[in-house]
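The structure appears right after this line, and notes come after that.
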Amino acid sequence: MPTTHQPTLLRLATAGSVDDGKSTLVGRLLHDSKSVLADQLDAVERVSRDRGLAHADLALLTDGLRAEREQGITIDVAYRYFATADRSFILADCPGHVQYTRNTVTGASTADAVVLLVDARKGVLEQTRRHLAVAALLRVPHVVVAVNKIDLVNFDEGVYRKVAADLASVASDLGLPDLRTVPVSALEGDNVVDHSSRTDWYAGPSLLEILEDLPVADDPSHEEFRFPVQLTLRPQEAARDAAHREYRGYAGQIASGVVRVGDEVVVLPSGRRTTIAGIDTADGELAEAFAPRSVSLRLTDDIDVARGDLIAAASSAPEPTRDLVATVCWLSDVPLSRHTRVLLKHTTRTTRAIISAVDGVLDLDTVQIVPAEDLGLNDIGRLRIRTAEPIAAEPYARHRRTGAFLLIDGQSGQTLAAGMVGDPLAGEGDHADEWDI
Amino acid sequence: MTTTETVEKAEAAEQAESRLTLDYLDTLESESIHIFREVAAEFERPVLMFSGGKDSVVMLHLAAKAFWPGPVPFPLLHVDTGHNFPEVLAYRDRAVAEKGVRLEVAKVQDYIDDGRLFDRTDGTRNPLQTQPLLDAIAEHRFDAVFGGGRRDEEKARAKERIFSLRDEFGAWDPRNQRPELWNLYNGRHRPGEHVRVFPVSNWTELDIWRYIAREGIDLPELYYAHQREVFEREGMLLAVGPVSQPRATETVVTKQVRYRTVGDMSCTGAVESDAVTVEDVVVEVAATRLTERGATRADDRISEAAMEDRKKEGYF
Ligand SMILES: Nc1nc2c(ncn2[C@@H]2O[C@H](COP(=O)(O)OP(=O)(O)O)[C@@H](O)[C@H]2O)c(=O)[nH]1
Ligand SMILES: [Mg+2]
């Protein structure tokens, strides 16, 4: 059906236990949406034949590294691209092993939707619950569960209904805002792109139809304006035309909300107020702009603004702080106890920080915080952090961009942890005290 | 579908219409501009790899937009195989002059002339680019190197980060990459290390062409259909030129062709095409059944993991 819609971009991340069929499903989505080209398919068919397989193993389309193909597993996130008439998709195919939880966190951090695989024969497993908890923690707006291998349970409605009901109950425990389910066979293609005649008891949309219909991200018109300053554009005599020698604009990407010329804003952490004098792009001035657009802002008053500052709507600006209560996913194989002095990167500001206390670690099965003194690889825990400079941090539950941060080892430069301000699982607001144990 | 369902669907569609949603090319452009600005703010000596190929041309266009009304705040680097299409070199010099940027050139030919590198038996010089590239990075102490690699190009590239840390050998360690979360890029590196940055990671070939059309970006003429003397080798159409001569068994014919990628002339194939304008190319790319590399690059056909192996050695 031809439409006049402007095409949109949706970011997906896959999740699920190893062997649930993630790579096969992604291969199937690409194949059935005609996004796999003939030479790629030839290569997959050739390798499949060499291995004595009867059918082309579509998982080979996404398992790109030599070691992955040799071991038949996915090691690292692979990015895939496919498009339908109205929508372009960026898909992060994440590995399922428990030791790769950090990759699921990585994929989920930018996702508009998580596509979670469940093996119909096995139902909801510990790993399913973990991945749903990660999606809830990272505040991914939508989760679509593909109940896979439905061919191996004889396309039985009862099995599907039971799995779907279990999922709904986990989703409500976790406070997931939107969870949908669809019965599929990734291997044979049922309900992936086209409706299957073998599941006539299922009247809902196919997986691809669901993905085509999901709203993209949040509507900026309902968000508070936030703009981390990346750098000052002040070309002076290097300006590309004489008219811009005096130009001074603050370059950045709108993190959330809408900005209009004349809006009252506050620059944080200094707290100075001013108004927006102009919104510029290389293509000309704009009267308004919204997330996630990259622009350059001119301010009415000549105040001190630099990289690392946050320009925010004056009516809703956060209070800068040096003390954070945060939830982190530990990404390094060196435990937290060896890293009490770290760098903290929040929006465009990097500051020194001290981890002052570990409050506990999240038990992903019960979704409860249990006492702990240290965090190791893949642990999700609650920390107290003191920063050297004040930062305009906000609860991650309300602001995905200004609520997120990284912890970095100042010596090796390694990324140690993905951090979220407050308790994202508790929902809106900063219920820091609920974390006390 | 019941009536209520239909009404609900219509309402949902209407709501979706009134939402503020950035067009997908604007979304990709904004993401790339954000990446350029992060690098300019956090690195001392960035450089942009520029060959005159379409991905590098789009990168330069995005960089110019990111720093407007100021100049592009870093130089360009061309690793010159010596196997160039003359019109691409001419284009390169035109583009550099127009944008007012400095161009550094590292020449594979210099290495061959003084014996540091030898031509391979298959004649391709693409794999020979790695050493001049790494030497140029060390000599100029570049700490961030922008490349036009896209994840849709090739399966090893599909695993590449936007900020990709390289050691002093330029090696890519795919099993030990830094996790990349949100849009918080960690570019910390130690002396001798550098970061490869891929601002158009998330663009597909079709996105690049739609953007070229939308922005009216000028490209080397060989990206559009033209008459050329070619001969067939291993299923590819190679141009007749100083470094790509037909063997006795190969017959030269004149065909209407265009290029989907430009690289080492001796191993970059042309495709038969009627796409004379940028709009024609967009239509052609949308309908193609072959990948960009599969159609045009002999060197990637060497093995299942040819690109992965070259990247581990410091290639882009
Ligand atoms: N019968 C059946 N087998 C499947 C289905 N989906 C995947 N498989 C098989 O399950 C195994 C694991 O699949 P893979 O995609 O590698 O799983 P991953 O580890 O989640 O990426 C492979 O042997 C697949 O062929 C399905 O829908 N039905
Ligand atoms: Mg897999």
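Scanning the stretch A:333-355 for residues that are farther than 25 Å from A:P228 by Cβ and of a type in the set (S, T, N, Q) returns A:S337, A:T340. Within this structure, A:T327 fails the test of being facing another protein chain (nearest Cβ under 9 Å) and farther than 30 Å from A:T8 by Cα. Within the stretch B:190-247, if we keep just the residues that are among the polar types (S, T, N, Q) and open to solvent by 40 Å² or more (accessible area, probe 1.4 Å), the residue that is modelled with the lowest pLDDT turns out to be B:Q245. The condition of being of a type in the set (A, V, I, L, M, F, W, C), in a strand (DSSP E or B) and more than 8 Å from chain A (Cβ to nearest Cβ) does not hold for B:V200. Of everything in the stretch A:118-176 that is within 18 Å of the chain's Cα centre (by Cα) and of a type in the set (K, R), the residue that is modelled with the lowest pLDDT is A:R130. Given the criteria open to solvent by 10 Å² or more (accessible area, probe 1.4 Å) and not small (G, A, S), does A:P220 qualify? It is false that A:P220 is open to solvent by 10 Å² or more (accessible area, probe 1.4 Å) and not small (G, A, S).
Looking at the stretch B:64-93 only, could you name the residues that are farther than 27 Å from B:P127 by Cα and in a helix (DSSP H, G or I)? Selection gives B:A64, B:K65, B:A66, B:F67. On the basis of being modelled with pLDDT under 80, more than 15 Å from ligand 2 (Cβ to nearest atom) and charged (D, E, K, R), does A:D76 make the cut? Answer is no for this residue. Inclusion of A:V170 among residues that are within 14 Å of chain B (Cβ to nearest Cβ) and part of a helix (DSSP H, G or I) is not warranted.
Given the condition assigned to a strand (DSSP E or B), more than 30 Å from A:S256 (Cβ to Cβ) and in the same structural domain as B:F43 (by TED's automatic domain parsing), answer yes or no: does some residue in the stretch B:159-170 qualify? Checked the stretch B:159-170: at least one residue is assigned to a strand (DSSP E or B), more than 30 Å from A:S256 (Cβ to Cβ) and in the same structural domain as B:F43 (by TED's automatic domain parsing).
Restricting attention to the stretch A:181-203, the residues that are within 14 Å of chain B (Cβ to nearest Cβ) and within 21 Å of A:L30 (Cα to Cα) add up to 1. Only one of the listed residues (B:E215, B:E250, B:E232) is in contact (Cβ under 8 Å) with a residue 12 or more places away in the chain and either within 18 Å of B:S273 (Cα to Cα) or of a type in the set (K, R) (or both). That residue is B:E232. Of the residues in the stretch B:115-124, none is within 14 Å of another protein chain (Cβ to nearest Cβ), open to solvent by 60 Å² or more (accessible area, probe 1.4 Å) and assigned to a loop (DSSP other than H, G, I, E, B).
The values are calculated or read from the model by the stated rules, or taken from the named source; none is laboratory data. Nothing here was measured: the structure is a model prediction, and the numbers come from that model. When we count neighbours, we look across all protein chains shown, and the Cβ atoms used for this are built from the backbone with ideal geometry, even at glycine. Remember, those area values only see protein heavy atoms, side chains included, never the ligands or the DNA or RNA. Shrake-Rupley method; radii C 1.70, N 1.55, O 1.52, S 1.80 Å.
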